[in-house]
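**Student:** Next up is a structure, given as structure tokens.
The values are calculated or read from the model by the stated rules, or taken from the named source; none is laboratory data. Being a predicted model, the structure only gives us computed values, none of them experimental. Neighbour counts are summed over all protein chains in view; Cβ atoms, including those assigned to glycine, are modelled from backbone coordinates with ideal geometry. The accessibility values were calculated without ligands, DNA or RNA, using every heavy atom of the protein model including side chains. Shrake-Rupley method; radii C 1.70, N 1.55, O 1.52, S 1.80 Å.
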Amino acid sequence: MEISDAIKRAKENDQKAFNFLLDTFWDNVYGFQLKRIQNENDAEDITIQTFSRAFDRIETFDESYKFKTWLITISKNIHIDLLRKEKNSISQVISNDDKSVYQILDESPSPEDELITEQHLAKLLRDIKKLKPHYQEIINLRYFQELSYKEISIQLKEPINNVKVKLLRAKKLLAEIIKEA
């Protein structure tokens with residue numbers, strides 16, 4: 001499959017085309033981020049977010065540009081956004097008084113929280129059922145069966161990077177469904 005063909009098919013929501021593009025460009029984006037931040041976990045997280053954002057907005061890709069350049073630009077912007085958020089959250093923690101620091105530390109759920117969580121679970125399950133079956137399955141495997149990425153990868157017979165991107169997309173779609181309700 002050629003890259004231009006894969007992009008056209010991805011714009012038509014072809015999952016195999018997404019997988020092809022992910023496999024083709026994963027190392028480029030991951031390598032770029034690893035050089036920038038020198039932390040494997042952060043580089044991987046940003047790479048996953050990059051592909052998720054790119055696939056969500058694939059129809060906006062202008063084919064007069066290189067796809068790799070587009071991905072790297074998305075990746076760079078995600079990293080910059082994360083740095084801004086970090087800077088803001090650090091300054092907020094420093095500017096707050098000691099009481100709030102202790103409040104942050106005690107985040108164990110109260111009996112009320114657990115009751116609310118149980119009530120929300122029924123609604124959450126209804127919302128999950130609104131997702132496409134492959135997204136329902138991956139959310140079920142990760143959050144209800146508590147499988148690792150590797151175990152999900154083996155069960156679905158898909159590369160681990162595809163599993164991570166698919167899970168991130170499923171979570172985004174679920175969040176949109178929850179917001180609408």
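**Student:** Assess whether Asn88 counts as being part of a helix (DSSP H, G or I), at pLDDT below 85 and either within 30 Å of Arg36 (Cβ to Cβ) or not polar (S, T, N, Q) (or both). Step through it out loud before you land on a result.
**Tutor:** Working: part of a helix (DSSP H, G or I): yes; at pLDDT below 85: yes; either within 30 Å of Arg36 (Cβ to Cβ) or not polar (S, T, N, Q) (or both): yes.
For Asn88, the condition - part of a helix (DSSP H, G or I), at pLDDT below 85 and either within 30 Å of Arg36 (Cβ to Cβ) or not polar (S, T, N, Q) (or both) - is met.
**Student:** Before we move on, is Glu40 surrounded by fewer than 11 Cβ atoms within 10 Å (Cβ to Cβ), charged (D, E, K, R) and either modelled with pLDDT of 95 or more or over 18 Å from Thr73 (Cβ atoms) (or both)? Walk me through it before giving the result.
**Tutor:** Details: surrounded by fewer than 11 Cβ atoms within 10 Å (Cβ to Cβ): no; charged (D, E, K, R): yes; either modelled with pLDDT of 95 or more or over 18 Å from Thr73 (Cβ atoms) (or both): yes.
In short, no.
**Student:** Can you tell me which residue among Tyr143, Tyr102, Tyr135 is at pLDDT 85 or above, of a type in the set (Phe, Trp, Tyr) and not in a loop (DSSP other than H, G, I, E, B)?
**Tutor:** Values: Tyr143 fails: at pLDDT 85 or above; Tyr102 fails: at pLDDT 85 or above.
Sole residue among the options that is at pLDDT 85 or above, of a type in the set (Phe, Trp, Tyr) and not in a loop (DSSP other than H, G, I, E, B): Tyr135.
**Student:** While we're on this one: Consider Asp5 carefully, then state whether it is closer than 22 Å to Ser64 by Cα and not in a loop (DSSP other than H, G, I, E, B). Before the answer, list the steps.
**Tutor:** Working: closer than 22 Å to Ser64 by Cα: yes; not in a loop (DSSP other than H, G, I, E, B): yes.
Yes; evaluated as a whole, the condition is true for this residue.
**Student:** I've got another one for you. Pairs only if they're at least six apart or on different chains, beta carbon under 7 angstrom, first in region 136-160 and open to solvent by less than 70 Å² (accessible area, probe 1.4 Å), second of a type in the set (Phe, Trp, Tyr); list them, first residue then second.
**Tutor:** Ile160/Tyr149
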